[in-house]
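Reviewing the structure listed below.
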């Protein structure tokens with residue numbers, strides 16, 4: 001398994017981190033949420049920093065979203 005952010009075709013959308021501790025005054029830099037993948041191409045990777053109308057965080061963790069595309073399966077000929 002590999003960190004999807006490391007192999008994403010596009011740059012990260014959203015803040016670098018995913019943990020905010022409900023603190024709206026500090027930058028979100030601590031990353032504690034991941035999507036790990038195997039046999040997929042990561043087309044897009046995002047940390048979603050949507051907030052309430054009063055600018056408070058909805059949760060102390062940001063949602064992580066990725067768009068994945070299955071990699072073609074490699075078929076090896078059988079050898080007897």
Is at least one residue of the range 43-50 on the phi < 0 side of the Ramachandran plot and free of Cβ contacts under 8 Å to residues at least 24 places away in the same chain? yes
Which one is farthest from residue 71 (Cα to Cα) among residues in the range 1-33 that are free of Cβ contacts under 8 Å to residues at least 40 places away in the same chain and surrounded by 16 or more Cβ atoms within 10 Å (Cβ to Cβ)? 28
Which condition from (1) within 30 Å of residue 74 (Cβ to Cβ); (2) assigned to a loop (DSSP other than H, G, I, E, B) is the one that residue 6 breaks? (2)
Can you pull out the residues in the range 37-75 that are under 16 Å from the mean Cα position of the chain (by Cα), assigned to a strand (DSSP E or B) and exposed (fewer than 12 other Cβ atoms within 10 Å of the Cβ)? 69
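Read-outs: derived from the displayed coordinates by stated rules, not from any lab. Note that the structure is predicted; figures quoted are calculated from it, not measured. In this analysis, Cβ positions are derived from the backbone assuming ideal geometry, glycine residues included, and neighbour counts consider all displayed protein chains.
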